[in-house]
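Beneath this line is the structure, given in structure tokens, with notes to follow.
The values are calculated or read from the model by the stated rules, or taken from the named source; none is laboratory data. In this text, all values refer to a predicted model and were calculated from it rather than measured experimentally. Reconstructed Cβ throughout: ideal geometry from the backbone, glycine too, with neighbour counts over all protein chains shown.
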Amino acid sequence: MSQDPVNRPSNEKEWKLIEKMVMSLNSEQIKSRRWGIFFKALTFVYLFVALVVLMPSRGGNDIAVDGEYTALVEVKGVIAAGEEASADNIVTGLRRAFEEESAKAVVLRINSPGGSPVQSGYVYDEIKRLRELHPEKKVYAVIADLGASGAYYIAAAADEIYADKASLVGSIGVVGSGFGFVEAMEKLGIERRQFTSGEHKGFLDPFQPVNKDEKVFWEGVLATTHQQFIEQVKKGRGDKLAQDDKLFSGLVWTGEQALGLGLVDGLGSSSYVARELVGAEKIVDFTPQPSPFESLVGRLGASMGRGFASAVGLTSSGIELK
């Protein structure tokens, strides 16, 4: 069927007009999307900059306070390398606090279940060293909700220890824990393949049966670490400790009970110590803090990853003071 030559030009004009309209609309949509993306990005940048500017900066940086005050360093959370309560963070805060002439005394505010004996030992030794360098400044450890295990190890280096009557104090012991999946693997028909060089290289492998000789060896390691812990606590507390074998059994006590056992010197908060004992009610926090950017990133991502890993037991299975 032939096309009408008279109508053809008219149809071509109409199609060209429609095509132009479609292209124009598409172009407008692309421009609108681009501007939308631009304004969304601009809003995000604005909010981020506002967060960085408005977020308070703490931790002993550029501190300028009139008159004498009590310096504060926090020991909060698990004591481990890379954590908020790592030896690097705590020691950095302590050194800054001791170096400030206006800091009349130093308070270690503790709220921790313990952690690495190595990290706790670093802090303990540094407190002893700083006390010798600055004998005019006393160190007070103040336990909040919890001052157990490695956290108490650190507290024992202070001149005096205070806690609330309901605080949990003590847990002077050592633990090395893990899981065993041998029977589960047998039921599931899973074969374990591990190649080592060294007779006992894989002795902590949770997929292998417990070897009696290795069990005795590992218990010896834990006992040695426990004895080191006990000796440091005795050096720090001296004759204040009660003659009670349960002190080093891993048990915990309330602050009120701990007072009777000589684990603490009195009951009171950081404010009480600053006001009544130090005589400088004003408290200045010298605890190192992450930058606003690091804090934001940590809250959105890294902290969730660490929490998940801890919940499912994917963290290191080394020795902990507990």
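Quick notes on this one:
- Among the residues making up segment 58-112, those that are modelled with pLDDT of 95 or more, hydrophobic (A, V, I, L, M, F, W, C) and more than 20 Å from the chain's Cα centre (by Cα) are 71, 97, 98, 103, 105, 106.
- Candidate set: segment 121-179, residues that are among the aromatic types (Phe, Trp, Tyr) and assigned by TED's automatic domain parsing to the domain that holds residue 81; chosen: the one surrounded by the most Cβ atoms within 10 Å (Cβ to Cβ): 152
- Output for segment 65-118, where each listed residue is within 20 Å of residue 283 (Cβ to Cβ), charged (D, E, K, R) and touching a residue at least 24 places away in the same chain (Cβ under 8 Å): 68, 74, 76, 95, 96, 100, 104, 109
- The conditions of being surrounded by 10 or more Cβ atoms within 10 Å (Cβ to Cβ) and at pLDDT below 95 are met by residue 50.
- Residues that are in a loop (DSSP other than H, G, I, E, B) and β-branched (Val, Ile, Thr) were ranked within segment 187-233; the one that is farthest from residue 159 (Cα to Cα) is 190.
- Exactly one residue out of 200, 226 is more than 30 Å from residue 255 (Cα to Cα), touching a helix residue (DSSP H, G or I) at 6+ places or on another chain (Cβ under 9 Å), surrounded by 11 or more Cβ atoms within 10 Å (Cβ to Cβ) and not β-branched (Val, Ile, Thr): that is 200.
- Residue check for residue 124: of a type in the set (Phe, Trp, Tyr), touching a Phe, Trp or Tyr at 6+ places or on another chain (Cβ under 8 Å) and either over 24 Å from residue 267 (Cα atoms) or in a strand (DSSP E or B) (or both): no
- Pairs where the first residue, in segment 155-170, is touching a residue at least 60 places away in the same chain (Cβ under 8 Å) and assigned to a loop (DSSP other than H, G, I, E, B) and the second is of a type in the set (S, T, N, Q) and crowded, with 19+ Cβ neighbours inside 10 Å, C-beta under 7 Å, 6+ apart: 156/232
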